[in-house]
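Colleague: Take a look at the following structure, please.
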Amino acid sequence: MSTPHTIAVAGKGGVGKTTTCGMMIDYLCKKGDGPVLVVDADANANLNEVLGVEVETSLGAIREEMAQAEMRGSIPAGMTKADYAEFKFNSAIVEEDDFDMLVMGRTQGKGCYCYVNGVLKTQVDKYAKNYSYIVMDNEAGLEHVARGTLPKVDTMLLISDCSRRGVQAVARIAEMVQEMNLNPGRMGLIINRAPEGVLDDGIRAEIEKHGLTLFGVLPHSEAVYRCDCEGAPSSKLPESEPVKEALRGIMQSLGL
């Protein structure tokens, strides 16, 4: 299989970034070009809930366990630290029909986890060739993208709601991408939750002021809101739902 197309999704909290990411993953899976490797790298995100997937452990929890095992000297006999890390890493992969998922999670303890993060990068590099797409849902700080966990970023999607502050926040993320020399193949903005899917002229002017490329606009969705309230997976909404139709159009315009 050829090199996967990598998609990194970023935006500040509360703008519907994870919901958009979930629908995008659903689109890629239904397109039949999979499989997809999903990496939830936002410590505060619940991408698994949007996708309707149960997750038992995270890489953050495994980093803690590794550190504790090393301190106690309880890594199983006959296993090197690298072997043990790989064994634990494999246990963190959630396998679904069309995609596999890794949840980064949060690191609770103190100390340096550079070694295990290095193992993670090695593992992602090793498994990447098995997938058509890698989709990473990031926190606004882009910590894992900056660490080079992904081999490269082909498409960087910045998600904002239709507010000036939201656009200003993604403009700062875009600056960060340039400062860190991440050099994605392309980078653009998706505006979420626009009333009736129409972008206000003032918001459009704000986007232009910051020199952002607008990939598309998603309408506000009562159905997504109901899913959030009920804890239902919004990615499973019918294909006829306007927000899914709009996202499908954006993905197709990007050749995805």
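Each value in this text was obtained by applying a stated rule to the coordinates, not by laboratory testing. Quantities reported herein were computed from a predicted structural model and do not represent experimental measurements. Backbone-built Cβ (ideal geometry, glycine too); neighbour counts: all protein chains shown.
Colleague: Could you tell me how many degrees, from 0 to 90 and to the nearest 10, lie between the Cα long axis of helix 242-253 and the main elongation axis, the longest principal axis, of the Cα atoms of the chain?
Modeller: 80
Colleague: Further question: Can you tell me the FRET efficiency between Gln252 and Thr3 if r is taken as the Cβ-Cβ distance and R0 is 35 Å, rounded to the nearest 0.05?
Modeller: Working: r = 22 Å, r/R0 = 0.62.
Plugging the Cβ-Cβ distance into 1/(1 + (r/R0)^6) gives 0.95.
Colleague: Starting from the Cα of Glu245, step 7 Å toward the Cβ, then list every residue of the stretch 202-228 with an amide N under 18 Å from that point.
Modeller: 216-225
Colleague: Restricting to DSSP H runs of at least four residues, report the calculated mean residue ellipticity at 222 nm for the chain, -39500 (n - 2.57) per run over all residues, nearest 500 deg cm²/dmol.
Modeller: Numbers: 10 runs with 110 residues, N = 256.
Counting only the DSSP helices, I get -13000 deg cm²/dmol.
Colleague: A further question on this structure: Taking GluC sites (Glu not before Pro) as candidate sites, keep only those in a DSSP loop with at most 11 other Cβ atoms within 10 Å, then name the longest stretch of the chain containing none of them.
Modeller: Working: sites that count: Glu54, Glu56, Glu239.
For GluC sites (Glu not before Pro) (loop position, at most 11 other Cβ atoms within 10 Å), the longest site-free span of the chain is 57-238.
Colleague: On a straight-distance basis, which lysines could pair with Lys152 in a cross-link, Cα separation under 25 angstrom, same-chain partners fewer than 8 positions away excluded?
Modeller: Lys12, Lys17, Lys30, Lys31, Lys88, Lys121, Lys126, Lys129
Colleague: Right, something else. Counting trypsin sites (Lys or Arg not before Pro) as exposed when in a DSSP loop with at most 15 other beta carbons within 10 Å, what is the longest stretch of the chain free of them? Show your work: numbers first, answer last.
Modeller: On the way: sites that count: Arg106, Lys110, Lys129, Arg147.
That would be 148-256.
Colleague: Still on this structure, I have one more. Nearest 10 degrees is fine. How inclined is helix 114-128 to the longest principal axis of the chain, computing both from alpha carbons?
Modeller: Rounded to the nearest ten degrees, it is 70.
Colleague: Another question about this same structure. Could you work out the Kirkwood radius for the chain, taking every pair of different alpha carbons, averaging 1/r and inverting it, reported in Å?
Modeller: Working: mean 1/r = 0.0528 Å⁻¹.
Computed over Cα pairs of the chain, the Kirkwood hydrodynamic radius comes out at 18.9 Å.
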